[in-house]
Amino acid sequence: MTEINSASDSDTAGLPLNPTPYVPPPSEGPRREIVALSFADPFRWLAHGLRDLRAEMGIGLFYGMCFWAMAIVLGLVFRHLPEYTMSIASGCLLIGPFLAMGLYEVSRRREQGLPPDLATSLTCWDTHIGSMGLLVLVLIILELLWGRASLVVFAVFFNTGMPSTASVLQAVFNPENWEFVLVYLVVGGVFAGLVFATSVVSIPMILDRDTDAISASITSLQVFFNSLPVLLLWGALISTLVLLALIPWGLGLLFVGPWLGHATWHAYRGAVRWEG
């Protein structure tokens with residue numbers, strides 16, 4: 001027994017009594033900083049986006065025609081085949097981020113002093129296909145949940161079955177259905193807020209830093225909740241401009257679509273700062 005204790009003491013004699021815990025070294029990559037925003041920033045982003053659009057009007061017109069075509073198709077489907085509206089909207093949600101990334105690429109190249117061109121903007125997403133695919137999948141899932149929640153609201157208030165397109169419009173504009181309109185707007189507002197908060201800076205960040213979709217989405221949520229009043233104003237400005245662009249026949253999207261695309265890049269650059 002004495003020999004065993006002596007051997008054990010000799011094995012531990014050289015070890016410190018209170019070893020220092022291991023602390024991993026700091027990351028060598030650039031660190032991001034979430035910038036505190038002011039109410040003047042959204043208008044500044046719009047001004048910078050307008051500057052980019054004027055500088056590259058030809059590229060902007062191409063993307064504007066794409067956005068306008070998507071709106072026309074969605075409107076025709078809603079008018080004649082409303083049961084397929086959510087499917088077409090999911091397809092638009094799949095294509096839309098890739099189109100928007102092309103506009104971000106134009107603004108990014110202008111910022112770096114590089115000449116933008118249409119071909120580069122159309123293929124800028126090919127090296128980020130994994131991250132973009134995962135992010136688009138998350139957005140589609142949110143939209144499908146949004147559609148399911150809307151169906152539940154309709155089922156509660158219209159127990160005679162799903163109304164037609166004309167009935168939906170009549171129900172929305174009928175003052176007697178204020179409870180339905182209120183609940184529908186609240187449910188839609190929650191899901192619209194989730195989609196907006198998840199994507200407000202995530203796609204530009206993927207293009208700029210080639211980060212993964214989860215990190216980009218978390219950063220986007222942090223930006224949203226860090227400056228919630230300002231981002232709500234930004235979302236209200238986007239919604240107002242899009243609604244105005246839809247009158248008449250969505251022709252305003254030829255201009256407003258690419259304008260907001262460029263402005264979104266500047267929103268990312270103003271809200272997220274990279275050190276080093």
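Tell me, what is the 1.4 Å probe accessible area of Asp210, in Å² to the nearest 10?
90 Å²
Tell me the carbon and sulfur percent of the accessible area for the stretch 97-144, rounded to whole percent, probe radius 1.4 Å. It would help to have the intermediate numbers written out before the result.
Numbers: 1460 of 2110 Å².
Carbon with sulfur: 69 percent of the solvent-accessible area.
Using θ = phi - 60° and the Karplus form 6.51 cos²θ - 1.76 cosθ + 1.60, what ³J(HN,Hα) does each residue of the stretch 223-228 get, whole Hz, x for Gly and Pro?
Ordered by residue, 3J(HN,Hα) equals 4, 4, 7, 6, 10, 4 Hz.
Carbon and sulfur atoms: what percent of the 1.4 Å accessible area of the stretch 192-276 do they account for?
Within the stretch 192-276, the accessible surface is 71 percent carbon and sulfur.
Kirkwood Rh, Cα Rg: Rg to Rh for the stretch 183-276?
Numbers: Rg = 14.3 Å, Rh = 14.2 Å.
Ratio of gyration radius to Kirkwood radius for the stretch 183-276: 1.01.
Amide H to amide H, which residues 5 or more places from Val272 or on other chains are under 5 Å from it, using H placed in the peptide plane?
Val35
The values are calculated or read from the model by the stated rules, or taken from the named source; none is laboratory data. None of these values were measured; they are calculated from a predicted model. Just the protein is used for accessible areas: all its heavy atoms, side chains included, with ligands, DNA and RNA removed. Shrake-Rupley method; radii C 1.70, N 1.55, O 1.52, S 1.80 Å.
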